[in-house]
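What follows is a short report on a single structure.
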Amino acid sequence: MESSDVGGRQQGPIWHRKPGPAARRGVIVNIIHSVKGYHSKTVRFLNVAFDSSGDSLLAGDHQGNIYVFDLNGNRFNLVQRTMQACTALAFNLRRKTEFLVALADYSIKCFDTETKELVSWMRGHDSSVSSISVHGSGRYAITTSTDTAQLWDLDTFQRKRKLNVRQSVGIQKVSFFSSMSNTILSCFKDNSVFAWEFDTLRCKYQLPTPVEGSALLYKVFAVTRDGRIFVAGGKSNRLHLWCLESRKLIRIIQMPAKVRAVRHLEFLPDTFDGGSSQVLGVLSQDNIMRFINIETCKLLFDIGSHEEGISTAAISPNGRYIASVMENGSLNLYSVQTLTQEGNQPPPPTFKVVEDQSKCPSEANKLTMRVTSGRSERPWKSKGSKIQSRLLKLQVNTSPENKENELPGGLNKKRLRALLKGFGEYPAKYRMFVWRSLLQLPENYLAFSSLIDKGTHSAFVNIQNEYPIKSQKLLRVLQRTLSALAHWSAIFAETPYIPLLAFPFVKLFQNNQLICFEVVATVVVNLCQHWFEYFPNPPVNVLSMMENVLAHHDKELLQHLIKHSVTAQVYAWPLLETLFSEVLTREEWLKVFDNIFSNHPSYFLMIVVAYIICSRAPLLHCDQKADFEYFFHHRNNLDINVVIKEAYHLTETTPLDIHPQRMLDDFVPLTKGQYPVFNKYPKFIVNYQTQERERIRQDEIEYLRERQLAHELEAKAQQQKAEDEAWYRKQELLREAEEQRRKMLLEEEEKLVEQRQRLAAVKRELKVKELQFLDASRRRFLKYQQDQRQMELKRLDDEIARKASMREQETAAAIQDVEVRRMELESQRQIFEQHLIKDQEAVTKEMKEEVDARLRKVDLEDHLVQRWMEIDREEKQKAQMVAEENLAKAEQKRLDSNWRLQALHKLKGGDQAREKRYEEIAKLLHDNRVKEAELLKAMREAEEKKWEEVIQKKAQLEAEEKAAAAADEHRKQFLEDKMNDAFELAEKLQREDGYFGEHVDDAERLRDLKAGCAERGAELQQVPWSGNICLNGFSPSESSSHVSLERRGEELASQERELLAEVRRLRQKLASQARSRHSPTRFPATKWTP
């Protein structure tokens, strides 16, 4: 046994010399990890996993070192150091270089074996992860712990779903149904098994409770790759075998008594079993892994021992290797081929014990089968209640006949024949096992693999065209089997009927291609003796033997066939080349071949003759060759049991000189290790046909190549021709299009000229209409303006009249107030003089308040000036923005301005003098405010400067009073002149047509106004001017006179406005009366006559 130590190395060879098939107990290499130092020790391996190809192995040890072992390249590499123990591994991801490792901190990490970098880190478990199951696509994974199972997307490394259960229930194992299914299977501690849809995670079904008396607590389970069989085990030596299609418990397998608990279950895959694995590996509590056949319950081989126990194990997906972690911490790699060869060796002389069950066995006992080292038998029902046992001793003096009758698997050919004669057929459940024993199949795995590895034979590449089979799986198995036969012997590639001959066995053994091939090869070697000597013609010698037997037993039938030119190629060869598959049903065919495989190869020919003889009656009624051909190619109404008995009769009664047994050899099984050479055929013909076929194939290839080349040249020529034609057509089209475009361009230019002319005419019309519209609008607007002006004049007249009446009332009230005020001033003057000292402080305070008020007023005026400047600036900006809009309104504004100027000129004649006075008053007020500011400033200075400021104020006040008196005088003179003019005009009108006769009231009111103005002028002249100076620069009389002057100025202004309004009203009345007196002359209507 080769041993390899990976300690202290990061890479290197696994073995120095690869062990041969004769390795002890199938162990290829034993791998250990030792650490050398002061205290040398061995690091224990904990987990192991294979990749999807089965040629690479991933192993993790107790220190967190992860190794990859390349079994084909004989290399190992240290790909990661996780620094903590791993609890589970998975190496069959979609990206072949990535793997998953579950660590002791309950996390799962994904690493890359090439870059040795961390790809992802997945968390979510609260306890140790016990298993990792990866979907067949490698894109999803399920991680299982005792309390939860989580589904991960390995593309994004995100958790998709989480399965939570109660703590009292717990999870035993959750995994994908199989590598070829999208179903998730979960087993819980309460012995319940659920199947879930992978896409929707909806519960598909739950396995029912096992039958009474067979329940056990499931700990582990395994499923075949095709998802049909489910095996579960636990703390018992029994295994439950479930059929997931019917969801029924179909078998209970009882392990040997040494097995008390099952720790691990895993099926051993086979390349040619189609996913229906038959070999199950069972790791028990004694650290021995036993491999049994679940169909025959036969113990095939085991690995491990009590001294070198197995802790855990993994089987490669290709079924070639078994990797096991031993109890001592080392890693063993086993060769399945070597183990199976050891298991196929004949067992040593032993005895088997068959125990009877009770008289009324339970249903569980009916399903129970024991695992033995020999063949498996079902319990026999005993008539008594006692358990009986029989010892089957191996006889020491065995005769050659008994040796000849002994078959593999502990069967006896003689006994099988007796059983067959008694029941007519073998039990359907054990038929395949009996056939394999009768045919003594060697199960040469490597030899068959070498044939399969050669690929599909060229003769059967297009077999689906000749034999269109609906099932693609069946078609593939047939193609592989025929290709293996053709690679085994060249004759089968040239034999046209070999698919017909092999098809029944292919359909029967489609789940195990190795058995299928060996059965067909055994049939060809034994039943088809001398068939290929006259190739490519039918076997004339074999047909002649059957014709001789038919002539001996039924001459009349033979004469009838000869009479209608029906030869053995018509009535016998169709049955031979199809092996009765066209004329028999499945059950009949199986029954026939139960007898064929149990007898001499000549029995096959005898059963063909028996079929013809049993069909004597319908054949004698046939007189057309086509009827005979139809008869032997279709099913007929025959009792197959009669045919079988007739075949036995023919075998026993046929003379030896014509008996086929004399010409045919005895049954010879296939050799083990390598298949025998099959060359019983005319090689020159086959070689010639092969050469001819190869030549024809080469000619066909050359022809196809030339035809392809010709097609390509023709296609290129056609393409070039088409391109040329397209180019010329394109050029022609371009020329035509150019001409058409030119014509269209000329037409468009003409149309454009016409449109321009029409557009110019339309523009002219529009311009004229626009001018007309503008003129009409202007006229309408002028009329509207005139109406508005008239309404405005009327409104102004009404307003002037209303204000004149108000001014009259105010003037009368003001005169009265002036008189009262004058009297009050006279009385108050004396009081002021008497209380001058007392009121000095009040006057000073009042003066300060007035100064403060004036300062606030100055501030307000400054603020208003600033605001006015800002408004003016904003108005300028707005005016600049709306300049274009104002251009359109300029004319209208000009008209408005003219109208306003006219109105202002009319008003300016009467208001000019008043405006001049207002300007002078404003200027004086301004000077007064300035001086007052200077006064306030001077008051804060030294006391000696106050008298100078008082003198200046007095001088300024005298100047202002003189200016005001002059202005009043001028205003008075102006009003008198206007009044005189008005009276003169009124007197003039009175002289004309007696105007005042009609308007006496108006004349009287003018006289009253004139008299009032004269009186007020006299009063103003009589107002005295006081020259007394008080302490603050103004005496009480001066202040009162100053207030009275201001009030009197306001009264005069209001009276002036009233007077102007009255004058304007009188002018309008005079003008309207003048227009009414001088009405226009009306001319009579005239008419022009010739």
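The values are calculated or read from the model by the stated rules, or taken from the named source; none is laboratory data. From a predicted model like this one, the values you see are computed outputs, not experimental measurements. Ideal geometry is used to build each Cβ from the backbone, glycine not excepted, and the neighbour counts take in all protein chains shown. Quick note on the areas: whole protein, heavy atoms, side chains included, nothing else; ligands and nucleic acids left out. Shrake-Rupley method; radii C 1.70, N 1.55, O 1.52, S 1.80 Å.
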message = How far apart, in nanometres, would the label points at K889 and Q719 be if each is projected 7 angstrom from Cα along the Cα-to-Cβ direction?
response = 7.8
note = Averaged per residue, the 1.4 Å probe accessible area of segment 780-883, protein heavy atoms only, in Å², is roughly 84
task = Sorted from largest down, give the three principal axis spans of the alpha carbons of segment 598-672, whole angstrom values.
result = 46, 31, 23
remark   = Sorted largest first, the C-alpha extents of segment 1-133 along its principal axes in whole angstrom are 47, 41, 28
ask   = Between the DSSP loop rule and a limit of at most 11 other Cβ atoms within 10 Å, which GluC sites (Glu not before Pro) in segment 224-303 are left?
value = E245
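Using the Cα centre as the reference, give the magnitude of the dipole from point charges on the C-beta atoms of segment 269-337 (Lys, Arg: +1; Asp, Glu: -1; all else neutral), rounded to the nearest 20 debye.
I would put it at about 160 debye.
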query = With a sphere of radius 14 Å drawn around the Cβ of Q757, what net charge do the other residues whose Cβ falls strictly inside it have (Lys, Arg +1; Asp, Glu -1)?
reply = +1
message = Give me the one-decimal nm value for the distance between modelled label points at A813 and E582, 7 Å along each residue's Cα-to-Cβ direction.
response = 14.2
task = Return the Cα extents of segment 77-145 along principal axes one, two and three, sorted largest first, each rounded to a whole Å.
result = 30, 29, 17
query = If you take the C-alpha gyration tensor of segment 421-507, multiply each eigenvalue by 5 and take the square root, what semi-axes do you get, largest first, in whole Å?
reply = 27, 17, 12
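Using the Cβ atoms and a cut-off under 11 Å, what net charge is assigned to the surroundings of T312, where Lys and Arg are +1 and Asp and Glu are -1?
Within the 11 Å Cβ shell, the charges total -1.
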Reach of K906 by Cα under 18 Å, taken over lysines that are not fewer than 8 positions away in the same chain = K794, K916, K978, K1069
key: Reachable lysines from K730, criterion Cα separation under 22 angstrom, eight or more residues apart if same chain   = K716, K721, K743
inquiry  = Give the residue list of trypsin sites (Lys or Arg not before Pro) in segment 470-513 that are DSSP loop and have at most 15 other beta-carbon atoms within 10 angstrom.
reply    = K470
remark   = Checking segment 493-571 for GluC sites (Glu not before Pro) in a loop per DSSP with at most 15 other beta-carbon atoms within 10 Å yields E533
ask   = In the structure displayed, which of K931/K954; K783/K878; K848/K931; K248/K507 lie more than 21 Å apart, Cα to Cα?
value = K783/K878; K248/K507
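Where does the charge balance sit around M806 when Lys and Arg score +1, Asp and Glu -1, over other residues with C-beta under 11 Å from its C-beta?
0
Using alpha carbon coordinates only, what is the Rg to Rh ratio of segment 62-205, with Rh defined as the Kirkwood radius?
Rounded to two decimals, Rg/Rh equals 0.98.
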request  = Highest first, please rank the peptides 299-309, 568-578, 192-202, 696-706 by the mean number of other Cβ atoms sitting within 10 Å of their residues.
outcome  = 568-578, 299-309, 192-202, 696-706
Unit charges at the beta carbon, dipole of segment 9-123: most positive-side option, Y67, V48, V27 = V27
ask   = Among the listed pairs K413/K555; K204/K591; K41/K160; K116/K454; K204/K235; K763/K889, which are separated by more than 32 Å between their Cα atoms?
value = K413/K555; K204/K591; K41/K160; K116/K454
